[in-house]
1. Counting pairs of alpha carbon atoms under 8 Å apart in space and at least six apart in sequence, what relative contact order in percent does the stretch B:87-135 give?
2. Ignoring everything except DSSP H segments at least 4 long, calculate the 222 nm mean residue ellipticity for chain B; use -39,500 (n - 2.57) per segment, divide by total residues, nearest 500.
3. Check every DSSP H run in chain A and write down those whose alpha carbon atoms cover 20 angstrom or more along the long axis and whose mean Kyte-Doolittle hydropathy is -1.0 or greater.
4. Averaged across the residues of B:78-90, what count of C-beta atoms belonging to other chains lies within 10 Å of each residue's C-beta?
5. Translational diffusion coefficient of the protein assembly as shown at 20 °C, 1.002 mPa s, Stokes-Einstein with Kirkwood Rh over Cα pairs, in µm²/s as a whole number.
6. How high is the FRET efficiency between residue A:274 and residue B:194 when r is their beta carbon distance and R₀ equals 45 Å, given to the nearest 0.05?
7. Summing -39500 (n - 2.57) over the DSSP H runs of n ≥ 4 in chain A and dividing by its residue number, what mean residue ellipticity at 222 nm do you reach, to the nearest 500 deg cm²/dmol?
8. Multiply the residue separation of residue A:104 and residue A:186 by 0.36 nm, subtract the distance between their alpha-carbon atoms, and state the gained length in nm to one decimal.
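A short reminder: the numbers here are calculations on the coordinates, not readings from a lab. Since this is a predicted model, take the numbers as computed values, not measurements. Using ideal geometry, Cβ is built from the backbone for each residue, glycine included, and neighbour counts are taken over all protein chains shown.
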Amino acid sequence: MSFFLEVLIGGLLAGVMYTMVALGFVLIYKASGVFNFAQGAMVLFAALTFVTLSEHGLAFPWALAASVAVMLVLAVAIERVVLRPLVNAPPMALFLATLGLAFVLEGLAQLLYGTQVHGLDLGISDAPIHGLPIEVSRFDLLAAGIAAALVATLGVLFQTTRAGVGLRAVADDPLAAVAVGLDLPRLWAIAWGGAGVVALVAGLLWGARVGVQFSLSLVVLKALPVLIIGGFSSIGGVIAGGLIVGASEKLAEVYVGSHLGGGTETWFPYVLAVAFLLARPTGLFGERLVERV
Amino acid sequence: MSESPPLLDIREVSLAFDGVRALDHVSFEVKRGEVCAIIGPNGAGKSSLVNVISGLHPAASGSVRFEGRELRRARELSARGIARTFQNVALFRGMTVLENVELGNDFRGRATFLEQALRVGRAPREERRAHEEAIAVLALLEIADHRDDRVGRLPYGLQKRVELARALAPRPKLLLLDEPMAGMTFDEKRDMCRFVIDAHETLGTTLVLVEHDLGVVMDLSDHLVVLDHGRKIADGTPHAVRDDPAVIEAYVGSFAG
């Protein structure tokens, strides 16, 4: 039983890491109804910025603040250069623009920061905490704590600030948003800035796990099943989705994988996502469209 | 030298969709404080005209001036004191009535995102003002009881009233109403009429409305503009227009014929 619990909790904590990546997608999807293909590139770009600044001798808080600033500037630049000319363009055009943005960001990252693999040590040990009835990694716990704090902050901002209410309004009805004079460019910049900061946090946590290198942008592949299960437009959904993916893939690896010769972890979330697509295409908490007939 | 300049001055506005002329050199003026109704048979170009005035469709030619200055983009409308409603309500359906109406005032906010997040500086004052004005408008339109209801769950007639409230919240100088009574029951129409008149009288809002129901229009408006096939065929007081042979031809012909 305690082994089962250990696997389950390890899985849930891993799931929090997936949620972190998926969260960036949700912020942008809510604000502009577009699947941001460049989210992975943003994770990579943010992590590389931080690592490079650290390696040049900047202390942790300064490097963090500077990286946040870089991601915010990037968000404003993306709004000006990519989004503003595409106002009223069909969603597919916006999606393709984010695809292009992904390549530009990855190229820019190579140009500015080089291609070598960087180690990233946040000074948190990955060793299990002693004295608990089950073994839990200190790093996993801390990552979960950081993610929880981030999600809570975003939730509060969305509910209480005028900009947060405005973002919900834009997601709800863009035409009405224009009619009441909401400042869409400003709201988009805020959403992309939020996604940039989320990408930075995800990049740091994942970078500390797997090293900061170009394959880091592939962590988004794990965010896909999370988004499909949780729904593209719900913060609560990606939390649940991340936990489901994390827990189920670890349990599947241990209890099913042993009969299939292992490797279950890598494909199980996608099978689960397909099952969800068949049963609940809008995800757990995704908005269902109710139209007046 | 004679009278004050018009609030809204529409000059030679034309608009075409896929080669079909929706509006053909339409000109008229709306005076400050009046209720101007745009009427005409289906497809006459009434909604297109409202969309041009509110900047959603750029006119192919001609100009729309508000307080003497040209109107160009939809986004500057709110700031200049123009609000509108839509034929098929455009509300934030997932949000409450109060949130919807407060958003009508959002464009006036100057507080930065940081001020809002930390609740310092201009943010609390702006929020309070938006809230108070929303409450006042909800009371005026008698929907205060529904302030915490989700808009998507309200009956259609009430949704139209919420949309009117959102448009009135910032106290616009000019309010454009695109078929405010469309799809309503008789009772809802009567209520809506009363609220539109109330808003006009208490807030002094100049109204431009598109309406199908001739009875409603005759009671409500000071000034009628009649469109047919994208062209203006009459312009004047309800009485003068009602007796105009061209109007009878276009209107009665298309309805009774």
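1. 37
2. That comes out to -10000 deg cm²/dmol.
3. A:2-32, A:39-55, A:60-78, A:91-113, A:138-160, A:184-210, A:235-251, A:264-279
4. That average works out to 3.
5. Translational diffusion coefficient: 81 µm²/s.
6. 0.20
7. So the helix-based figure for chain A works out to -23500 deg cm²/dmol.
8. Gain on extension, residue A:104 to residue A:186, equals 27.2 nm.
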